[in-house]
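The values are calculated or read from the model by the stated rules, or taken from the named source; none is laboratory data. Just so we're clear, the structure is a prediction, and the values are computed from it rather than from any experiment. Note: ideal-geometry Cβ built from the backbone for every residue, glycine included; neighbour counts use all protein chains shown.
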Ligand code: TYD
Ligand code: MG
C-alpha cells in the first residue's frame, strides 16, 4: 500500500510530485517517477531539543586560512591538462561526454597511458568493448607497453570491490551507461541506474582520493544521456566534440569546480590516435583563400588563448516566401541583432535576401567580439567584395551601431601577426606594433569602407 504521505521523485531531474504519473511534467522524461518516503520534517520537537544546547558548536573558520593546493596529476597531454584547469585534481569526478565514435575512448586511453608512464596507478574499465578490442587499439596507438591495468566489467559492485583492493590513483569508466547496480531492478542505461552508479563512483572518488573519469554518451539533441543530475554530481563536465568529417576535435569544459570553463583543447585524429594541436589558428584557417567575398578572419579568444577562425557569409536573393537565416557555429539571436543594426543604422537592406553564416571548421564561437567580423562578412558578401588582403576583424557592435572595444586586444593582434596577417579592422582604441590597425568607431564606418572598396 502506498503511504498517504509519500511523494514521487523524478529520477531524471529530481522534481517532486504528489501523484504518480507516467511522464515527469518538469523534464518530460517517461517512467522516471519513483515513490519515496518523505524526509522527516526539520525542526520537530525531538531534533529541536537535541540541538538546542549545541547551537554555538558550528565551526566557523577564516576565509584567509592557508589550505594546501591539491597536488594535481599532470598528464603531459597539455591540451587536456589546460582544459581540466592545470591537471587532474585527486579525488575529483569528471564526466566526459561526446557523440559515439568521436574519440572519447581513444583520448582517455592515451591519457591513462601517459599517467601510468609517470608511475600513477591507472585503471581503465571498459563496459563497451572486450579486453581484446582495447588491447588492439592500444597496440595501434603504440601504447601497448604502458602499465595501464585493464578490465572489462559492467557490474558496479564488482568494480567497487576491485578498486578498493587495487587502490588506483585514476580510473576511467567507459561508459557510465553500461554499468548496473544489483540494488536496482532497472536495466543498465536507464536514468535510475545511471544516477545510482554515478553517485556511488563519485562517493568512492571523494572517500579514496582517487580521480574518477566517467564517459557519458550524448543523445541526438546534444545532452549527456541519462539524468541531468549526473552533471550536478561531478566536479567537472568536459565535452568532446567535432565534425566527424573533419579530423580535428575540440575538448571543452562546460563545468569545472577546479578551473575556468572557457578553455578549449584542440586535437587532431590521425592514424596514431589523437595528436595535440598547439596552434589551432593555422588549422582553422587551413585551405582558406584570401580575396574570397564574404570570407573574413575573426581574431577571437578561447579562454586564455587567441584563436583565429574564418567566418563565411553568403547573401543571396530569396527564392520564395520568408527569407532564410541559417547559422552554423554562432548564435542566431546575435545574427538577428547584427542584421537589425545593419538595416537600421547603416542603411543596408536584407529584406528579401537569404543569409547563411558559417564558422569554418566546426568551431563554435560565443564571443560578442565576433559581431564586427560577422557584419563584415555579410556586407562583403552582399556587395560582392573581399576585405583588404591579410586582414583580421574583431569588435563588439552595440544596438546603437557603435563598435565597442573588447578584451585582450593585444593578444589577438599578436596572434594575427604571428600567422602572417598585416592589417586589422578593430575598435578605434586598439593599437599594435605588429599589424596596421584600421580603427572603426561605428558599424556605419565599416560599411562605408566596404562600399569604397566596391567603388560605390
Ligand atoms: P573511439 O575512441 O572509439 O570513439 P568513442 O569512444 O567516442 O565512441 O574512436 C573511434 C573513431 O576514431 C573511429 O571512427 C576510428 C577513429 N580512430 C582513428 O582515426 N585513429 C586511431 O588511431 C583510433 C584509435 C581511432
Ligand atoms: Mg568508446
Selection count, segment 1-25, where residues are at pLDDT below 85, outside any strand (DSSP E or B), surrounded by 10 or more Cβ atoms within 10 Å (Cβ to Cβ) and touching a strand residue (DSSP E or B) at 6+ places or on another chain (Cβ under 7 Å): 2
Residue pairs within 6 Å by beta carbon, gap of at least six or interchain, first lying in segment 200-219 and without any contact (Cβ under 8 Å) to a residue 24 or more places away in the chain, second within 16 Å of ligand 2 (Cβ to nearest atom), listed first then second, are 219/225
Output the qualifying pairs, or none if there are none: Cβ atoms under 6 angstrom, residues six or more apart or on different chains, first residue in segment 129-142 and more than 17 Å from residue 173 (Cβ to Cβ) and touching a residue at least 24 places away in the same chain (Cβ under 8 Å), second residue outside any loop (DSSP other than H, G, I, E, B) and within 9 Å of ligand 1 (Cβ to nearest atom). 141/273
From the residues in segment 226-248 that are part of a strand (DSSP E or B) and more than 16 Å from ligand 2 (Cβ to nearest atom), which one is surrounded by the most Cβ atoms within 10 Å (Cβ to Cβ)? 236
Of the conditions (1) surrounded by fewer than 19 Cβ atoms within 10 Å (Cβ to Cβ); (2) under 14 Å from the mean Cα position of the chain (by Cα), residue 256 satisfies every one except a single condition; which number is it? (1)
How about segment 311-333: which of its residues are in contact (Cβ under 8 Å) with a residue 40 or more places away in the chain and within 20 Å of the chain's Cα centre (by Cα)? 330
Requiring at least 2 residues that are within 23 Å of residue 304 (Cβ to Cβ) and within 16 Å of ligand 2 (Cβ to nearest atom), the helices (runs of 4 or more DSSP H) wholly within segment 71-165 are 104-117
Residue hits (segment 166-193; surrounded by 24 or more Cβ atoms within 10 Å (Cβ to Cβ), away from ligand 2 (no atom under 16 Å from the Cβ) and either without any contact (Cβ under 8 Å) to a residue 60 or more places away in the chain or in a helix (DSSP H, G or I) (or both)) are 191, 193
Failed item in (1) surrounded by fewer than 22 Cβ atoms within 10 Å (Cβ to Cβ); (2) in contact with a strand residue (DSSP E or B) (Cβ under 6 Å, 6 or more places away or on another chain); (3) under 29 Å from residue 88 (Cβ atoms); (4) at pLDDT 90 or above, with residue 251 passing the rest: (1)
How many of the residues making up segment 364-410 are under 18 Å from residue 285 (Cα atoms), in a helix (DSSP H, G or I) and modelled with pLDDT under 95? 0
